Amino acid sequence: MDLQKIMAKARDIAKSSGTITTEQLNGLCPKSMESDDVAALFTALRAEGIRLKDDDADK
């Protein structure tokens, strides 16, 4: 997994609102991510101030 590439795309998505939806994040990640990689990704998102938004929050 290339965390740097995923984070760059996540930054682009989140640059206007500061959030990324779970659906958008899932689309950036490979299906075979290990739990350690997921934890590292969430840590990196928090460190950048990017919040994860539930897809159903606006419904």
Discussion item. Just to be sure I understand, how many residues within the stretch 1-24 are exposed (fewer than 14 other Cβ atoms within 10 Å of the Cβ) and among the small types (Gly, Ala, Ser)?
Written reply: 4
Practice prompt. Take Asp55 and decide whether it is more than 9 Å from the chain's Cα centre (by Cα), loosely packed, with under 15 Cβ neighbours inside 10 Å and modelled with pLDDT of 95 or more.
Written response: no
Worksheet, complete the sentence: Listed by first then second residue, the pairs whose first member lies in the stretch 39-59 and is under 14 Å from Arg11 (Cβ atoms), whose partner is at pLDDT below 85 and in a loop (DSSP other than H, G, I, E, B), with beta carbons under 9 Å and at least 6 positions apart or on separate chains, are Leu41/Met1
Discussion item. The conditions are (1) open to solvent by less than 80 Å² (accessible area, probe 1.4 Å); (2) over 12 Å from the mean Cα position of the chain (by Cα); (3) in contact (Cβ under 8 Å) with a residue 12 or more places away in the chain, and Glu34 fails exactly one of them. Which is it?
Written reply: (1)
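The values are calculated or read from the model by the stated rules, or taken from the named source; none is laboratory data. Predicted, not measured: the structure shown is a model, and the values here were computed from it. Because the Cβ atoms are built from the backbone with ideal geometry, glycine has one as well, and the counts that use them run over all protein chains shown. The accessibility values were calculated without ligands, DNA or RNA, using every heavy atom of the protein model including side chains. Shrake-Rupley method; radii C 1.70, N 1.55, O 1.52, S 1.80 Å.
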